[in-house]
Amino acid sequence: MRQRGGFVAVALAACLAIIGAMLLVLPGPLLGVIGFLFLNSGLPVLPLTGVPAVSGASKYLIAILGSAAMWWGVGHFAAMRASRNAIVDWPEWRREFQPLAIGIWVGTVLALAVTAFVLGAL
């Protein structure tokens, strides 16, 4: 688990970002908002690079690499905390990972809400 915890976290975030990107392609404003939230939850570094106001391949690459590094660190930290016990399995990893991931997701949504408020969208 110590070797795979970070990679599992990156895979979960990548799945979330892929679902968000697929929802962005579908027509409809509600699916666009949900897709944008999913994409930003999978790639929480995306708003820090200026996307969607400024877009470009380099911005997306920086956001993907930065988010992957962050998710890997969180997943590895959760694996290290979960493996303190003698017998450990993936439910213990999930118990350690879940509050950290929820904190990242809440922070991402709050940052998007503050940005929307400052820009006058809300």
Item to check | Debye, to nearest 20: dipole size of the range 1-96, +1 on Lys, Arg Cβ, -1 on Asp, Glu Cβ | outcome: 180
Checklist entry - In percent, how large is the relative contact order of the range 5-119, given Cα pairs closer than 8 Å and 6 or more residues apart? => result 28
Checklist entry - So what are the ³J(HN,Hα) numbers for the range 27-44, from phi and the Karplus equation (6.51, -1.76, 1.60; θ = phi - 60°), rounded to whole Hz, Gly and Pro as x? => result x, x, x, 5, 5, x, 5, 5, x, 5, 5, 5, 4, 6, 6, x, 10, x
Next on the checklist: Quick check on the chain: helices-only [θ] at 222 nm, where DSSP H runs of length 4 and up contribute -39,500 (n - 2.57) each and the sum goes over total residues. Nearest 500, please.
Outcome noted: -26000 deg cm²/dmol
Checklist entry - Please identify the trypsin sites (Lys or Arg not before Pro) of the range 16-98 that satisfy two criteria: DSSP loop assignment and at most 11 other Cβ atoms within 10 Å. Which are they? => result ARG84
Item to check | In Hz, Karplus ³J(HN,Hα) per residue of the range 72-78 (6.51, -1.76, 1.60; θ = phi - 60°; x = Gly, Pro) | outcome: 4, x, 5, x, 5, 4, 5
Next on the checklist: Quick one: 3J(HN,Hα) in Hz for the range 2-7, Karplus 6.51/-1.76/1.60 with θ = phi - 60°, rounded, Gly and Pro as x.
Outcome noted: 4, 7, 9, x, x, 5
Next on the checklist: Test of understanding: ordering VAL54, VAL114 by Cβ neighbours within 10 Å, fewest first, what list do you get?
Outcome noted: VAL54, VAL114
Checklist entry - With the dipole of the chain worked out from charges on the C-beta (+1 for Lys and Arg, -1 for Asp and Glu) around the Cα centre, which of ALA79, PRO29, TYR60 lies farthest toward the positive end? => result ALA79
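Throughout, read-outs are computed from the coordinates displayed, never taken from laboratory work. In this text the structure is predicted, and so the values were computed from the model without any measurement. For neighbour counting, all protein chains shown are included, and Cβ atoms are generated from backbone atoms with ideal geometry for every residue, glycine included.
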